Structure formats: structure tokens, C-alpha cells
Amino acid sequence: DCGIARARVLSEAEKEFRQSLDKAFNAEMHYLERNIEDRFNPESLLPECKSVVVVTYNYLTDVEQKSDKYRTARYTWIQDYHILVKNLLEQLADKIVNYYPSVKCRATVDSSAISEKRWAMEAGVGCMGKNGLIHNSNGSFFVIGVLLVDQFCDEYDQSLPKSDCGACEICVRSCPVNALETP
């Protein structure tokens, strides 16, 4: 899937992120405490960024787990998504620059400070559920890539709100390591 959001500072998202850090929801992942402003301001990663293109890559395939000895996340059953999705985004950037040579782009896949999930919500490709970002067709079995572009687009996709999962707890019950709490 793909969506495009107008670049801007996501002040409310940054405020919510800081509140989650204050509650120690980042556990031992202290790297989340660095470069907080960069996560919500695309111009910090690409000066004069005007558009944020967000893509999702579905990893729910028929591929089987590589090891019977260890249980690993499904995304590890495919080619390294950092490389796979970034290559696809760089091909897209090349096509854009081919048509519009003055355009500057920056591709990132889980490798910069930008909050891919928040930008996915802004670009209309997912909503936030109890276990993270949810896509209408792929559930939570996808990875996110972002292409920052220093030009405006003719139109932008409508953002999606935070999800109201209601009483649904499928992800909570299905989590193999019981990492999710409810509500």
C-alpha cells in the first residue's frame, strides 16, 4: 500500500511520544529517548521536505520459518526488509528524479529517527491498534518504508485516526510472548 502526507511537524504525536517515555513504555530501548524532535519533523532529515510518501510491504507469505529450534517473528522469515523495502523506495526515488531532475528524496526503512508509524497514520495507510499499526487488509503483518520528498504533490491522502479496537483482543490473546496488555 502507499499513501502520501503533507510534511509538517507532528506536535501532538511528539507530545504523546514523550508521555509514553515518561511512563517508561520504552522499557530498555533507550535509543528511543534520542532525537525525539527528528521523529516528528521530516525537515530534520531532508531540508525543505514537503511530502512524506509512506509504503507498506506485506510479509505474511507462505514462506516457512527457517528454524524449528527457535521461534522468531514472521518478518525474519523473508529477505531482510531493511534492504528489500529500501531498494524498492530508491527505485521509486530514481523514477521521480528521472521525471523531475530537481527533486531531492531520502529513503528510510527503520533506519532513521522518523516515526514511520505516525507518518503511516498521516498518509492513511494504517491506524494505531493495541499491538501497533494496523492495516485494513494485512492486519499487522507489514513493514513500513518512508520516502521524503522536497516537493509538494498535487493531492494528499486523508490521515487515519487512532483505532478504537473496542473489546477486540485478538492481538492480545495471539501474542506468543504475552507482551501486550489491555486495555
In segment 3-21, which residue that is aliphatic (A, V, I, L, M) and in contact (Cβ under 8 Å) with a residue 24 or more places away in the chain is most open to solvent (accessible area, probe 1.4 Å)?
9
Is there a residue being surrounded by 17 or more Cβ atoms within 10 Å (Cβ to Cβ), at pLDDT below 80 and outside any strand (DSSP E or B) anywhere in segment 150-167?
yes
Among the residues that make up segment 109-125, is at least one of them in a loop (DSSP other than H, G, I, E, B), of a type in the set (Val, Ile, Thr), at pLDDT 80 or above and more than 28 Å from residue 170 (Cβ to Cβ)?
yes
Would you pick out the residues in segment 22-39 that are touching a helix residue (DSSP H, G or I) at 6+ places or on another chain (Cβ under 8 Å) and either open to solvent by less than 80 Å² (accessible area, probe 1.4 Å) or β-branched (Val, Ile, Thr) (or both)?
26, 32, 36, 38, 39
Within segment 1-49, restricting attention to residues that are more than 16 Å from residue 145 (Cα to Cα) and of a type in the set (Val, Ile, Thr), which residue is modelled with the highest pLDDT?
9
Somewhere in segment 128-142, is a residue modelled with pLDDT of 80 or more and open to solvent by less than 30 Å² (accessible area, probe 1.4 Å)?
no
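The values are calculated or read from the model by the stated rules, or taken from the named source; none is laboratory data. Computed from a prediction, not measured in an experiment: that's the story for all the values here. Counting neighbours? That spans all protein chains shown, and the Cβs are built from the backbone with ideal geometry, glycine included. Ligands, DNA and RNA are excluded from the accessible area calculation, which covers all protein heavy atoms including side chains. Shrake-Rupley method; radii C 1.70, N 1.55, O 1.52, S 1.80 Å.
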